[in-house]
Amino acid sequence: MLFKSKGFIFVAFDLESDAKDTKILRSIMGEILMKHGERREIAKILNVSEVTVRNALKGRTQSELSERIRKLAIQRGGMDSTKDSVV
């Protein structure tokens with residue numbers, strides 16, 4: 001779900017979204033930036049390699065697993081690099 005507030009566009013979703021939401025999310029997201037150590041934690045949670053997480057967060061892969069990784073990263077505080085930062 002997309003919504004706009006005070007000039008910012010927000011994306012709200014859960015881990016079980018439909019194909020339409022996934023296509024929208026894929027088209028608007030760039031690289032997801034994480035705090036130090038969060039990639040390792042996501043890899044442990046999902047039982048995948050850190051390389052798999054890195055590739056998903058950089059948008060290099062477009063699988064169902066990659067979508068789950070990106071969604072979990074956002075839920076854990078990741079920031080989309082294509083969005084304007086607030087200073």
Worksheet item: Here are some conditions: (1) at pLDDT below 55; (2) surrounded by 14 or more Cβ atoms within 10 Å (Cβ to Cβ). Residue 15 meets all but one. Which one does it not meet?
Response: (2)
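Could you list, in sequence order, all residues of region 60-82 that are assigned to a helix (DSSP H, G or I) and under 11 Å from the mean Cα position of the chain (by Cα)?
So the first thing to find is which residues in region 60-82 are assigned to a helix (DSSP H, G or I), and the list is 64-75.
If the condition is that a residue be assigned to a helix (DSSP H, G or I) and under 11 Å from the mean Cα position of the chain (by Cα), then 66, 67, 68, 69, 70, 71, 72, 73, 74, 75 are the ones that fit.
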Worksheet entry | Residue selected from region 18-52 under the condition touching a Ser or Thr at 6+ places or on another chain (Cβ under 9 Å) and at pLDDT 95 or above, by the criterion surrounded by the fewest Cβ atoms within 10 Å (Cβ to Cβ) | 46
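The values are calculated or read from the model by the stated rules, or taken from the named source; none is laboratory data. These figures come from a predicted structure and were not determined experimentally. No Cβ is skipped: glycine too gets one built from the backbone with ideal geometry, and neighbour counts run over all protein chains shown.
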